[in-house]
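All of the numbers you see were taken from the coordinates with simple rules; none came from a lab. Note that this is a predicted model, so its numbers are computed, not measured.
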Amino acid sequence: MREDDDSRELYRSVAAAFSGAVEGCDFLVGDSLTVADIVTTGVLFVSERSDFVSEESPPPLQAYFARLSARPALARAAERVESAFKPA
């Protein structure tokens, strides 16, 4: 297996686990946004920038990421991260 294949397989495995954790839930822990959600969304945000993550994410994980990414504070943070990686 090539390194890229290994990365894809690892992503699929982790995505399946997280998908199960967020299926039918708005948040990872409890009924409100927690640090767990913020950290997870940050990891998903960075992972989404790869060429395969969006296409291979299970639907519950895609929905979770979309919900949290739409929150105003997280959307602003994403914009800041994006601008930090743009060439000057």
Could you state, as a whole-number percent, how many of the C-alpha pairs of the stretch 3-85 are farther apart than 18 Å?
41 percent
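How much length is gained on full extension from R76 to V39, taking 0.36 nm per residue of separation minus their Cα-Cα distance? Please list the in-between numbers first.
Values: separation 37, 0.36 × 37 = 13.32 nm, distance 1.51 nm.
Fully extending the segment from R76 to V39 adds 11.8 nm.
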